[in-house]
């Protein structure tokens, strides 16, 4: 039996057959390959039945030599529906145009809300959004996704620490966290400066207070460096000691580095494919052809389609395939040692203040085991070792 939906798309005709040779006509139609269904008898000399539009001429030909009369009653199916619509073309065009306009307006940006930013920062954000094409009246299909907008704003505007971007219907909502200005140092009433670790003093810059140590002197952790008690005996006063005391300190660090490393890198080749997503189905609309990359990474950018306030199960998807390849990197023993030393320096600097400097370094131990170089390095550092300590009642020089 043929699929009724296929017949609906091709067209269906209801036919009335009357006469004395109805049975012979029906048998002749079946032998001729005419598909007949819904055959109903109306009295002894009439029946109604349905045939496909494509079989109308065959039925007329079969009825010529029969003692029957055929009469077409009703027509249904897509061809007849389209014919009726063509007669009302203006109405159809208007309806399609109306739906198209509603669809466009539903996927357009109608508002941009920014919360958490002061007026100056908000002005910079709106200017940057305008450069990216995020503005009222722009179609959402031509705008980067919210993750891309968030990343671009964070990189381009120094005044913000974090920005969250969310698309709510036709409105972009941004929540901004601005960078806090560094807090002004609290006014210290009175304090001494003491050593935060053992060191050898190499230099001193005392703004206020009484120096208690000298250059080249060894000091221990907690030892008094600059006293906040100044003046002669009997005429002393307590002040907040200020200054920097630079001492030579010592650190030890251990690093290891493989002589051979394998990692993945992008080689610059990429291919883009565009799809129209209908529910779970993806229909390719651009970027056809087989993907020739053996190893690749896929980036998916999906833009949802809305109609009025509803999100319909249709979306436009862009997939970017970036080829990556395996790269093997090998170091000679000498190169590995030099790179390991540089890694150790960066590690030490990450734990020091900005004004600290590396005076010297000495490799205590070096070994090559299991395809790795292992180093134990001793560093000589010049850094400010002075930290404030409140003066407790009864403290003296």
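The values are calculated or read from the model by the stated rules, or taken from the named source; none is laboratory data. What you see is a predicted model; the values in this text were computed from it and never measured. Because the Cβ atoms are built from the backbone with ideal geometry, glycine has one as well, and the counts that use them run over all protein chains shown.
Restricted to region 44-67, and to residues there that are at pLDDT below 85 and closer than 12 Å to residue 17 by Cβ, the residue that is nearest to the chain's Cα centre (by Cα) is 62.
For region 143-164, filtered to residues that are part of a strand (DSSP E or B) and without any contact (Cβ under 8 Å) to a residue 40 or more places away in the chain, the residue that is surrounded by the most Cβ atoms within 10 Å (Cβ to Cβ) is 163.
When you scan region 347-363, do you find a residue that is within 37 Å of the chain's Cα centre (by Cα), part of a helix (DSSP H, G or I), modelled with pLDDT of 90 or more and surrounded by fewer than 11 Cβ atoms within 10 Å (Cβ to Cβ), even just one? No: zero hits.
With the structure loaded, tell me whether residue 386 is over 30 Å from residue 228 (Cα atoms), surrounded by 15 or more Cβ atoms within 10 Å (Cβ to Cβ), touching a residue at least 60 places away in the same chain (Cβ under 8 Å) and in the same structural domain as residue 203 (by TED's automatic domain parsing) or whether it fails that test.
No; evaluated as a whole, the condition is false for this residue.
Of all residue pairs spaced 6 or more apart or on separate chains, those with beta-carbon atoms under 9 Å, a first member in region 64-87 that is without any contact (Cβ under 8 Å) to a residue 40 or more places away in the chain and a second member that is not in a strand (DSSP E or B) are 65/28; 85/91; 85/92; 86/92. Within region 83-101, can one find any residue that is loosely packed, with under 12 Cβ neighbours inside 10 Å, touching a strand residue (DSSP E or B) at 6+ places or on another chain (Cβ under 8 Å) and not assigned by TED's automatic domain parsing to the domain that holds residue 308? No, region 83-101 contains no residue that is loosely packed, with under 12 Cβ neighbours inside 10 Å, touching a strand residue (DSSP E or B) at 6+ places or on another chain (Cβ under 8 Å) and not assigned by TED's automatic domain parsing to the domain that holds residue 308. Taken residue by residue, region 311-331 has no member that is under 23 Å from the mean Cα position of the chain (by Cα) and in a loop (DSSP other than H, G, I, E, B). Looking across region 365-383, the residues that are loosely packed, with under 12 Cβ neighbours inside 10 Å and on the phi < 0 side of the Ramachandran plot come down to 365, 367, 369.
Where strands (runs of 3 or more DSSP E) fall wholly inside region 171-250, the ranges with 2 or more residues that are within 30 Å of residue 381 (Cβ to Cβ), assigned by TED's automatic domain parsing to the domain that holds residue 388 and under 52 Å from the mean Cα position of the chain (by Cα) are 191-195, 199-208. Per the listing 71, 113, the residue uniquely closer than 16 Å to residue 167 by Cα, touching a strand residue (DSSP E or B) at 6+ places or on another chain (Cβ under 8 Å) and modelled with pLDDT of 85 or more is 113.
As a summary of the residue check, residue 203 satisfies the conditions (1) surrounded by 13 or more Cβ atoms within 10 Å (Cβ to Cβ); (2) touching a strand residue (DSSP E or B) at 6+ places or on another chain (Cβ under 6 Å) except for the one numbered (1). Residues that are surrounded by 14 or more Cβ atoms within 10 Å (Cβ to Cβ) and at positive phi within region 35-79 comprise just one, 77.
The sole residue among 125, 104 that is loosely packed, with under 12 Cβ neighbours inside 10 Å, in contact with a strand residue (DSSP E or B) (Cβ under 8 Å, 6 or more places away or on another chain) and in contact (Cβ under 8 Å) with a residue 24 or more places away in the chain is 104. When only residues in region 165-198 that are modelled with pLDDT of 80 or more, in contact with a strand residue (DSSP E or B) (Cβ under 6 Å, 6 or more places away or on another chain) and surrounded by fewer than 14 Cβ atoms within 10 Å (Cβ to Cβ) count, which is farthest from residue 247 (Cα to Cα)? Only one residue tops the list, namely 171.
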